[in-house]
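Okay, structure first, notes after.
The values are calculated or read from the model by the stated rules, or taken from the named source; none is laboratory data. Fair warning: this is a prediction, and the values are worked out from it, not measured in the lab. Don't worry about glycine lacking a Cβ; one is built from the backbone with ideal geometry, like all the others, and counts go over all protein chains shown. To get the accessible areas, we keep the full protein, side chains included, count just its heavy atoms, and leave off ligands, DNA and RNA. Shrake-Rupley method; radii C 1.70, N 1.55, O 1.52, S 1.80 Å.
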Amino acid sequence: MRFIHIADVHLGMQPDAGFPWSEERGEAIWESFRRIIRLAGREKTDFLLIAGDLFQRQPLLRELKEVNDLFASIPETIVVLIAGNHDYVKRESFYRGFDWADNVVMLLSPEPECVEVPEKKTAVYGCSYDKKEILENRLDGVRPEGKMKYHLLLAHGGDARHMPWNPGRMAQAGFDYIACGHIHKPGILIPDKMAYAGALEPTDETQLGAHGYIRGTVDEHGTRIQFVPFARYEYEDLVLNVTEDLTQYAMETKLKQELALREDGKIRKIIRLKLVGHRAAELEFSPKRLLDCGRVISVEDETRPAYDLEQLKKTYGASLISAYIEAFETKTDAQSQKALDYGLEALLAARRNG
């Protein structure tokens, strides 16, 4: 039996609000979801498991109809989904009473339930959120039962306010595989037994690295899973070293070259930029101009001014500036160097303005 495990798709979300590429990010989330449906259809995957937060918020009726048509396009694949903390099943939710396609099962109850699929020799267990936060592990104590050969569990949560669980204890329950959602970073909790698929597309700049889905196989030899990168966007840290001869224009040119190197036509990188090193003492880089160089979402300037300390002592003679420099001459730790730079900057500014 073969399955694809996804989670935290967050249809309806537009990440990176306020940036020029935000609208295309929202469309990319939908397109990646459509791509995973097409992939499941091509591979005739037995199950598509969706471990919560298919939507960013309460789904609209037209969105459910759209998603249902996509599911119906892969009739040989059984789709099993639960609602997470973002798209939880409110009293007036369109999830309630929705007429899903024949190959779709939503485990709608807030208490654990099970659907058996005899033709696949598989039972799938899970429960949906009925509120934003669930402080207890409602899956605690759930065990495989019945006559099916294979047993899968859908689980959304894992932190203090969203169904806190102990992975080791859950893995001992006897399921062939536990498909987890809620944490957006993909991760294996128990090898070949329990894993977070992560968000299908990353949803904010803290979610560095590759995102995608988990492909799995369960047979008489056991369970085998593999994380498969699939996202069209990826956040990445970029550290650029600054020297004192580097101007604003030269920095922008260097950044644009680095951004071009990261474009491979398939994955679009969104950069968190950090500047390190020593800049000319009179220079301050413009973060806005650096942000305008491409898909740069943040700029962290950790550069230090390249002061000529001996020349400053000669220039200002017996002054507070010279005394301040001398007070740090034997201190080489990073914190002291920062204090020297910031203090000199303030003293020199006061001198110029005085």
What about residue 150, is it crowded, with 21+ Cβ neighbours inside 10 Å, touching a residue at least 24 places away in the same chain (Cβ under 8 Å) and closer than 18 Å to residue 121 by Cα? yes
Quick check on my filter: what residues within the stretch 139-173 are of a type in the set (D, E, K, R) and within 25 Å of the chain's Cα centre (by Cα)? 159, 161
In the stretch 116-133, anything of a type outside the set (D, E, K, R) and either over 19 Å from residue 219 (Cα atoms) or open to solvent by 60 Å² or more (accessible area, probe 1.4 Å) (or both) is listed as 118, 126, 127, 128, 129
Looking at the structure I just gave you, is residue 242 in contact with a Gly (Cβ under 7 Å, 6 or more places away or on another chain) and more than 23 Å from residue 7 (Cα to Cα)? yes
Being at pLDDT below 95 and either surrounded by fewer than 19 Cβ atoms within 10 Å (Cβ to Cβ) or hydroxyl-bearing (Ser, Thr, Tyr) (or both) is true for just one of 92, 113. Which residue is that? 92
What pairs come up if the first residue lies in the stretch 121-139 and is assigned to a strand (DSSP E or B) and hydroxyl-bearing (Ser, Thr, Tyr), the second is at pLDDT below 95 and surrounded by fewer than 17 Cβ atoms within 10 Å (Cβ to Cβ), and their beta carbons are under 6 Å apart, counting only those six or more places apart or on different chains? none
Would you mention how many residues in the stretch 1-34 are within 17 Å of residue 74 (Cβ to Cβ), assigned to a loop (DSSP other than H, G, I, E, B) and open to solvent by 10 Å² or more (accessible area, probe 1.4 Å)? 1
Name the single residue that is most open to solvent (accessible area, probe 1.4 Å) among those in the stretch 35-54 being over 30 Å from residue 294 (Cα atoms) and assigned to a helix (DSSP H, G or I). 42
Quick check on this structure: which one of 203, 223 is in contact (Cβ under 8 Å) with a residue 40 or more places away in the chain, part of a loop (DSSP other than H, G, I, E, B) and surrounded by 15 or more Cβ atoms within 10 Å (Cβ to Cβ)? 203
I'm trying to understand the selection: among the residues of the stretch 153-182, which are in a strand (DSSP E or B) and touching a residue at least 60 places away in the same chain (Cβ under 8 Å)? 154, 155, 156, 162, 177, 179, 180, 181
Considering only residues that are exposed (fewer than 10 other Cβ atoms within 10 Å of the Cβ), over 44 Å from the mean Cα position of the chain (by Cα) and either hydroxyl-bearing (Ser, Thr, Tyr) or at positive phi (or both), which ones fall in the stretch 308-354? 317, 330
Against the condition farther than 30 Å from residue 233 by Cβ and of a type in the set (Asp, Glu), how does residue 341 come out, does it pass? yes
